[in-house]
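All of the numbers you see were taken from the coordinates with simple rules; none came from a lab. As the structure is a computational prediction, the values presented were derived from the model and not from experiment. Positions of Cβ are generated from backbone atoms using ideal geometry, with glycine treated the same way; all protein chains shown enter the neighbour counts.
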Amino acid sequence: MSFASVTFFVFLGILIILYYALPHKIQWVLLLVASYVFYLFAGWKYLPFLVFTTISTYLGTNYISRNAEASKAYLEREKDHLSKEDKKAYRAQAKKRSRIAMILVLVVNIAILFFCKALLVDPFLSLAKGNTSLSFLTLGLPMGMSFYMFQSLGYLIDVYRDKAKALKNPFKLALFVSFFPQLVQGPISQFTELEESLFSEHAFDRKQIAFGLQRMLWGFFKKMVVADRIAVAVQALQGEEYRGFAFFILMIFFAIQLYADFSGGIDIAIGIAQVLGVKLPENFNRPYFSRNIADFWRRWHITLFQWMKRYIFYPISVSKPMLNLSLKGRKKFGRFGMRIPVYIGTFLTWMGTGIWHGFHWHFILWGFLNCIFIVVSEELTPAYEKFHSRVSFSNKKGYDIFQIIRTFLLMNLIQITDLFPRLSEYFGKVASLTYVFNFHILWDGTMTKLGLTGTDYIILLCGVVLMFAVSMIQRKGSVREQMLKIPCVIRYGILFIMIFAVILLGSYGIGYDASAFIYNQF
Amino acid sequence: MESELREILEEIRPDINFDAETQLIDGGILDSFDIVTLVAEINARLDIAIPAEELIPENFNSAEALLELLERLDEE
């Protein structure tokens, strides 16, 4: 069931009526039923994966919790008879048992994820290897698998770390894992962030519901009016003949498409949850206004990168072997040597993120480029600061804009790797930027051969200007809160224009699939 | 321990007034690179290993919170 379908709106309408009409005590049960109904629409074949992750996480977290409680009770009971060393040894043993349970659940689930990604996402690759049957390949990657798995595994680790409690009710855990607005492409929530609003009772709150619907509307606008329209040109511009300045235009168009598509999908997800009184974490914070690559990754797909930092980067970087390496490095190479764990942690995290996107060289290159840019920019920070303190223009607005544009273009160079599975083609196109100066494509009719008409370009321009304006307004806080301050005639006028824009200007060509969000495939 | 911690903090980020700051993480003043460098430095000079699960904003938002964490880990 796509978010942009009549079926979904009927489904959501019925859910909202029942959600607020029935006793509030059963709201979370209703959400669980709705989530499973939503998931079943994607295909019953995917259900075993979701159920398996839920059951294994439930068993793992409850074992860890029981083990911790039993060990605590034992230590309390025997506190007068045990020495400090005995207590320490007992605690270490109990922790080891929990760790084994955690690792077991982690390994099994990650193995399933990797298996599905390696074999199911790329049928041609699997076929070439001849290691599986066609009927099995037609399964495809279970919808939202990465996202619900990230969420469950994060929760498992949090319980192990004693940062979250283990849910005794398996159905509550099932809801946390499968909450439908998040299933398509995130955002990824931490249990402690989501717990309260997911399981508590929600009274009918007109303002929250209106805000949620407005957020959904904005998401649909970005996705259907901007992303799906520009997608046609992005597709066309990938042709072999488009080099030099045409490749530059492709980079800009793809940046617009990716942001409008992904952040639009997240707006829809956050909006649906808000209508139901559930608060999901934000996933974007005006990323194209970032000053450097590290800053960009603090503002783009925030929840994934928080996850990566919390559960991959930190555990690697502060592990015992890394700290020992840091000690040795410090003696030999000073400050640079001491930071070896940072470099290794960054490298492994980005390689992992690249591979998670898919088993292709261009994703590995994507991870590698991000890692290099971040490490270099981090290491050059002292030099930048020295330079800024001596050169006065660094404090001027012009320099800020320069940094923003530089980061935007660098990120475009990295993001565009998504479109070129063949690395030689990518490098060839990038190189063409330096010697093919075909600016004439702007006026020689090339732009109208990309599947977009003059009207399409005007609509896209308006959409991009609107997204830019909203980003500027966001600097002063919530746009919807600010809209409340304007006369209601104008406010409703804007909302009606937006609704009509989505209905009339949304891209609905032949074979159009509104459910196909770019990030859905991950 | 307090004076050594202060020394480490000032070496890593001399530009920050650690007496006044209470939003080091939430305010985006220290990034993940700073945190890992700090953990490595504390391990080298104070011989206290901070595990990954303690790398949360509450423990690093201020010098005082960090000192409390180190004292707790030292006792354990």
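What to note about this one:
- Karplus 3J(HN,Hα) series, Hz, for region A:373-383 with 6.51 cos²θ - 1.76 cosθ + 1.60 (x for Gly, Pro): 4, 5, 5, 4, 5, 5, 5, 8, 3, x, 5
- Largest mean-square fluctuation among B:Glu53, B:Glu64, B:Glu41, in a Gaussian network model of chain B whose springs join Cα atoms under 10 Å apart, belongs to B:Glu53.
- Equivalent ellipsoid dimensions for the protein assembly as shown as semi-axes, Å, which come from the Cα gyration tensor, largest first: 40, 33, 26
- Region A:426-483: chymotrypsin sites (Phe, Trp or Tyr not before Pro) in DSSP loop, at most 15 other beta carbons within 10 Å: A:Tyr435, A:Phe437, A:Trp443
- 5 angstrom amide H check on B:Ile48, placed H, neighbours 5+ away: B:Asn43
- Treating each Cα of region B:2-75 as an identical point scatterer and summing with the Debye formula, the log10 of I(q)/I(0) at q = 0.15, 0.18, 0.21 Å⁻¹ comes to -0.42, -0.62, -0.89.
- Assuming charge only on the beta carbon of Lys and Arg (+1) and of Asp and Glu (-1), the dipole of region A:207-319 about its Cα centre is about 500 debye to the nearest 20.
- Contact order, relative form, for chain B: 36 percent (alpha carbon pairs under 8 Å, 6 or more residues apart, mean separation divided by residue count).
- Estimated vicinal HN-Hα couplings, Hz - region A:186-196 in sequence order (Karplus 6.51, -1.76, 1.60; Gly, Pro = x): x, x, 8, 9, 8, 4, 5, 6, 8, 3, 4
- Estimated 222 nm signal from helices in chain A, with DSSP H stretches of n ≥ 4 weighted -39500 (n - 2.57), rounded to 500: -22000 deg cm²/dmol
- Helix B:2-12 and the longest principal axis of the C-alpha atoms of chain B enclose an angle of approximately 50°.
- Relative contact order of chain A, defined on C-alpha pairs under 8 angstrom at six or more residues apart (%): 19 percent
- Computed with the Debye formula from one identical point scatterer per Cα of region A:6-204, without solvent, the log10 of I(q)/I(0) at q = 0.13, 0.14, 0.19 Å⁻¹ comes to -0.80, -0.89, -1.27.
- Working note: Karplus 6.51/-1.76/1.60 with θ = phi - 60° gives region A:406-417 the couplings 4, 5, 4, 5, 4, 5, 4, 4, 6, 5, 5, 4 Hz, where Gly and Pro are set to x.
- One Cα centroid belongs to region A:273-322, the other to region A:37-70; the line between them spans 24 Å.
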